[in-house]
Each structure stands twice: as structure tokens, then as C-alpha cells.
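Written below as C-alpha cells is the structure these notes are about.
What follows draws every value from the coordinates through simple rules; no lab data is involved. Since we're looking at a predicted model, the values are computed, not measured. Neighbour counts run over all protein chains shown; Cβ positions are idealised from the backbone, glycine included.
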């Protein structure tokens, strides 16, 4: 059965372009012209992913994502931005978006990014079911994370990044390796998305004396057991 993608954009031309491209890529597509329409559609649909434009009237993309996350709706989100404004991008990632694409975008890149988000949203069959590092435990069978036994809510991207770090506990992983394994970006990229998501993980897990997510300058990142 085809995975369902919801497109949320106020421009009919953009929706038509995305609908055609995603249909060719064998996704089922549903459309909303604004944030309120999207919320209404979500009452009767459970898309695998949402493509949300930032600049929309009445309710912009940021407000829509904030509403979704405030109700514990963790549907993966790819945001579309009309300009490569680092503040827009950082805000989108901070409130719970999983990735972004800048307009005008290449259809092939968009589809690759969607597939990468979907891959990291699903359980891996090659990852050990239980991973631990100090106070952090991942139970992949239940898709849950705990810190000293208390549950921690993570977005699909935060979960996958933590999972990759813990799979290679003690090893330093380069930004290139993380972009490949977490975001599916196999080409050279100047993206700062890795640094952004590392900071999110630290905000959630660097507490009660644990500071195990390390930066190795000029190389990458690692997670270490407490000494």
C-alpha cells in the first residue's frame, strides 16, 4: 500500500508540482491549501509525512507544526522555505520539523529527502532492540527512550540521531557519516543540521551530571559512558 503524503501549501502551482512528482514516486497524495485545512484533513487521515510551506496566510507553517507537536502529533514534517534564512531553518527544526528544502527546489532532491525521513521514522531491522549509555536507554521494539527510567519524547530525527550515536558508542562519527546515516545525504553538504540536532539532544539529556554527547573539534561527535 502506498505511503500517504500530505502537501500543505497555499500556492496551487506548487501543490500541483508536488502532487505530480510524488505520485510518480508512487506515494498517495492529499492536499491542503492552508494550516486549518490541514488540521481538518488530519481528523480523517494519518499521513506518513507532511510537506509544509512556511509562508502561508492565516496560519503559517511554523504555527501549524507547533500545533501538531503540542498535541503530541509526531508525524514527520519536511518544511518548504522560500529563502535560505538560517533563522527560519533553525526555528523550523527547533519546533519539531525533521528537514527542510529551499525553494526553488529540485524534485529529485525533495523525493530523496522525503524517503530519508521516512526511513529513519521506521524501526530498523539491523539495530539491536536495546541500547544503553549511562542513564540513557533505547528500546527499539517499543520505539521508546528513557533517562534514568523516565520517558523522554523525541522527534523521529532526534531518535535516529541518538540511535546512531549509541550504536557506535565511544566512536567518533564525522558530520558526513551522520548526514548519511541519519538524513540520507550522501553528497557533499555544508548543512549545519547535525550541529542543530546535537544541541537538541544535549538540552534533553545533559542533566543530572550526565554530559556524554561530545564534540571532537574538526572531526565530529560521539557519545560516551560516564566516567
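In the chain, the longest principal axis of the Cα atoms and the axis of helix 61-70 are about 50 degrees apart.
The length gained on full extension between residue 101 and residue 28, counted as 0.36 nm times the residue separation minus their Cα-Cα distance, comes to 24.2 nm.
Helix 193-205 and the long axis of the chain differ in direction by around 60°, with both axes built from C-alpha atoms. Exposure proxy for 225, 150, 31: other Cβ atoms within 10 Å of each Cβ, ordered fewest to most, give 150, 225, 31. Pairs of C-alpha atoms in region 130-223 farther apart than 24 Å represent 15 percent of all such pairs. Calculated mean residue ellipticity, 222 nm, the chain: -11000 deg cm²/dmol, from DSSP H runs (n ≥ 4) at -39500 (n - 2.57) each, averaged per residue and rounded to 500. Report, to the nearest 10°, how far helix 12-24 tilts away from the longest principal axis of the Cα atoms in the chain, using its own Cα long axis and a range of 0 to 90°. Approximately 60 degrees, to the nearest ten.
Listed by Cβ neighbour count within 10 Å, with the fewest neighbours leading, 200, 100 appear as 200, 100. Counting other Cβ atoms within 10 Å as a rough exposure proxy, the listed residues 147, 205 run 147, 205 from fewest neighbours to most. Specify whether the C-alpha gyration tensor of region 4-121 places it in the rounded, prolate or oblate class, a ≥ b ≥ c being the square roots of the eigenvalues: rounded for a/c under 1.5, otherwise prolate if a/b is larger than b/c and oblate if not. Rounded is the answer for region 4-121, as its axis ratio a/c remains below 1.5.
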